[in-house]
Amino acid sequence: MDCARMDYEDQITEMLKNMTIFQKIGQLVQFGTFRELEKQLVKDGEIGSLLNFCGSTQVTEIQNWIMQSECPIPLLIGDDVIHGYKTGFPIPLAESCSFDLACMEETAAIAAREAACDGVNMIFAPMVDVARDPRWGRVAEGAGEDPWYGSQVAAARVRGFQRNDWDDKPHVTACPKHYVGYAASEGGRDYSYTEISERTLHETYLPPFRAAVEAGAGAVMSAFNDVSGDPASLSHHLLEDVLREELGFRGLVVSDWESVEQGVAHGVAADLREAVKKGLLAGVELDMNSGIYREQLPALLESGEITEEDLDRAVRRILRVKFSLGLFEQYESPESLGQQLHRHPEHVRTARQMARESIVLLENRKQLLPLSRELGSIVVIGPLADAPSHMLGCWQCKTDASHVVTLLQGVREAVSADTEIRYAKGCALPFDEDQSGDIESAVLAAQGSDLVLLALGEPCGFCGENNSRAFLDLPQPQDELLRRVCAVNPNVVLILMNGRPLTLTRERELVDTIVEAWYLGDESGHALADVLFGDYNPSGKLTISFPRSVGQVPIYYNQRNSGRPELIRYIDEEITPLYPFGYGLSYSRFVYEDLTLSATVLHPGETLRVQVTLRNDSERGGEEVVQMYLRDPAASVTRPVRELKGFEKVSLAPGERKTVVFEITEDMLAFPGADWKPVAEPGEFQVFVGGDSRCDNMASFRLEQ
Ligand code: GLC
């Protein structure tokens with residue numbers, strides 16, 4: 001979907017001629033409620049979009065209403081389909097650990113297809129905020145800490161959401177969010193202010209939006225936060241100069257929930273009238289839920305502070321998207337299609353595969369995994385061992401917990417009839433209604449079992465919007481449960497279910513086997529059993545660093561260098577993360593050999609090939625995400641100590657060797673120059689290839705003009 005390519009200008013011009021001022025303003029109004037008031041406004045053409053409103057029959061009904069009215073312009077129907085519509089997929093942060101762009105594209109396409117069956121035509125996703133502060137609850141919604149990888153994922157998800165197998169028009173527009181810099185909220189406190197330099201804006205926060213726009217996103221959502229004093233939803237610089245001029249965006253901008261109105265709270269608008277004037281002139285076309293465009297624009301037009309040309313520009317951007325979606329020809333979705341597609345077996349199979357690939361093996365020191373199916377007895381313990389609703393993560397959309405396969409269920413299905421499976425909840429989760437669960441019975445059950453599967457972590461309500469934490473520990477009394485169980489049974493597999501990196505230094509000392517399982521959606525239990533019993537060899541790699549302690553935050557792998565790198569320290573903590581970006585173990589053992597470059601000098605227009613041999617030095621087939629990092633050790637500005645610029649997920653049979661080749665071209669060496677345009681400066685570059693961001697397998701070359 002590319003609004004620039006699908007120009008409908010003449011039709012839109014004709015339409016604008018026949019619209020009243022109120023009908024034009026109506027196109028800029030989106031409501032998240034649908035009561036008598038909104039119903040009447042829809043009828044009168046004074047609402048152009050709804051959210052939190054879906055369902056094949058009622059959407060078709062209201063669209064028919066509209067098309068028979070004096071202002072026959074179909075509604076945009078938006079929804080937060082962040083990780084699945086009816087079929088529950090893993091949270092986006094989990095999916096990103098798969099490094100499987102094709103599968104992430106597929107889950108987005110499935111979610112859009114299921115949503116479109118219910119009349120949704122605008123999905124408020126992908127969330128593309130580059131997140132480096134796990135205190136911020138919304139890290140769960142994105143693709144981690146790396147701008148380049150986050151760009152690959154953003155593009156894949158936009159392609160997925162906007163893919164459409166039915167005809168030549170996308171039925172859904174993606175809406176990458178939150179433009180821009182939301183994840184930099186100070187202190188990890190959601191909705192807080194940010195300090196983002198123009199360089200950091202261009203190097204870190206803009207790239208995923210650029211990728212999403214280049215992938216054809218028809219909409220972008222403006223954020224709640226300011227960018228160093230310039231609130232994103234009222235910023236002409238960010239929305240017009242950067243998003244539209246620099247990134248070439250031609251779709252519509254929808255505000256986050258009432259974020260234009262919040263210009264008053266930010267202190268950049270004296271009143272709602274000024275907030276609307278700034279918001280519209282900045283380039284926010286669709287105002288989410290506040291209704292202030294409808295209230296304030298007539299007077300602003302009357303006074304001439306907003307001209308009809310300003311209004312028409314905004315309406316045109318919205319109509320371009322509606323035409324691009326094919327809404328004027330087709331908005332109906334028969335009930336039967338939803339019944340056929342919602343949670344289609346193929347969708348559920350994809351959910352299981354995505355969940356398998358999202359799991360990250362953090363520790364397996366005693367090679368306890370994979371488990372034998374012939375164990376005499378396994379006890380599954382923990383508040384998340386049989387907690388279906390938590391597996392659906394922080395944006396549960398129209399998923400249904402009754403379909404969720406929990407860890408306990410998945411293990412029960414996986415073992416042989418001779419294996420006894422016990423269960424003990426052990427303790428409750430914070431916020432849960434059911435506060436039952438006692439450690440004593442869990443310890444007793446652990447004492448008498450061959451192996452313990454211990455499912456600990458956060459309640460899903462700990463992640464997502466406005467769920468910032470000041471600590472990153474396991475919520476109590478899980479720490480005590482863990483210690484008491486480990487004291488009576490040496491064979492403990494700790495399975496973490498959480499929406500953010502946690503500080504696991506203590507846990508790592510107590511347990512030899514740790515699996516990061518995030519919130520894996522409908523197929524959680526099946527995917528976990530597949531990994532635990534070896535039907536799937538874990539291949540996930542972390543896309544966000546796990547700190548040793550919250551005092552290290554923010555901590556991420558691609559920080560800029562310092563003038564005294566060797567002296568940087570804490571007197572009371574390491575300076576490295578507990579688990580770094582790109583880290584993840586396998587049941588196989590992979591060996592990297594023979595890193596070679598096709599040349600030691602690269603000229604503009606040439607391609608330099610990086611080659612490495614990967615060997616599976618084990619008896620088990622598996623997949624390895626081979627990562628290639630680049631470093632520019634001397635440039636006109638300080639550059640990150642390394643940056644991921646390529647990866648390949650390679651499958652190897654036992655003993656098999658494969659040559660993996662990455663191609664380097666000049667554009668990959670570029671960074672935002674003094675004018676923010678990409679520049680590649682001549683000089684030395686270093687290439688690192690390995691299994692995580694600490695890899696020291698290095699070769700170097702020179703870029704020469
Ligand atoms: C929320 C979120 C945004 C979401 C929107 C609509 O406040 O910030 O991500 O898409 O409102 O629900």
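Coordinate-derived values only; no laboratory data. Because the structure is predicted, anything quoted here is derived from the model rather than measured. Positions of Cβ are backbone-derived with ideal geometry, glycine not excepted, and every protein chain shown enters the neighbour counts.
When +1 charges are put on Lys and Arg Cβ atoms and -1 charges on Asp and Glu Cβ atoms, the dipole computed for region 489-550 relative to its Cα centre reaches about 400 debye.
Site pair ARG373 and ASP310 shows an inter-label distance of 6.8 nm when each label is modelled 7 Å from Cα along Cα→Cβ.
When you count the other C-beta atoms within 10 angstrom of each residue and take the mean per peptide, 532-545, 514-527, 256-269 line up highest first as 514-527, 532-545, 256-269. Note on the chain: dipole from Cβ charges, positive end direction compared against CYS397, MET19, GLN705; the farthest Cα belongs to GLN705. Going by Cα centres, region 400-445 and region 599-635 are how many Å apart? Between the Cα centre of region 400-445 and that of region 599-635, the gap is 43 Å. Pairs from the list LYS366/LYS649; LYS17/LYS177; LYS43/LYS278; LYS86/LYS645; LYS43/LYS398; LYS39/LYS322 with a Cα-Cα gap above 24 Å: LYS366/LYS649; LYS17/LYS177; LYS43/LYS278; LYS86/LYS645; LYS43/LYS398. Of all DSSP-defined beta bridges confined to the chain, some 55% are antiparallel rather than parallel.
Counting Cα-Cα pairs of region 443-552 in 5 Å increments starting at 0 gives whole-percent bin shares of 2, 10, 20, 23, 21, 15, 7, 2, 0. Taking label positions 7 Å along the Cα-Cβ direction at both ASP400 and ARG657, the computed distance is 5.4 nm, reported to one decimal.
The label-point distance for GLU246 and GLN559, in a model that sets each label 7 Å from Cα toward Cβ, rounds to 2.5 nm. Pairwise inverse Cα distances across region 603-648, averaged and inverted, put the Kirkwood hydrodynamic radius at 13.8 Å. Per-peptide packing, taken as the mean over residues of other Cβ atoms within 10 Å, places 240-249, 331-340, 45-54 in the sequence 45-54, 240-249, 331-340 from highest down. One chain, two ends: GLN447 and ARG483. Fully extended at 0.36 nm per residue, the span grows by 11.7 nm beyond their Cα-Cα distance. Cα centroids of region 182-250 and region 97-156: how far apart, whole angstrom? Result: 17 Å between the Cα centres.
Quick check for you: which residues of region 76-92 have the amide N under 16 Å from the point 7 Å beyond the Cα of GLU335 toward its beta carbon? Residues passing the 16 Å test: none. The GLU619 and GLU684 beta-carbon pair, evaluated with R₀ = 41 Å, returns a calculated FRET efficiency of approximately 0.50. Annotation: for a label point projected 7 angstrom from Cα along Cα→Cβ of LYS677, residues of region 182-225 with backbone N closer than 20 Å are 198-204, 206-207, 210-211, 214.
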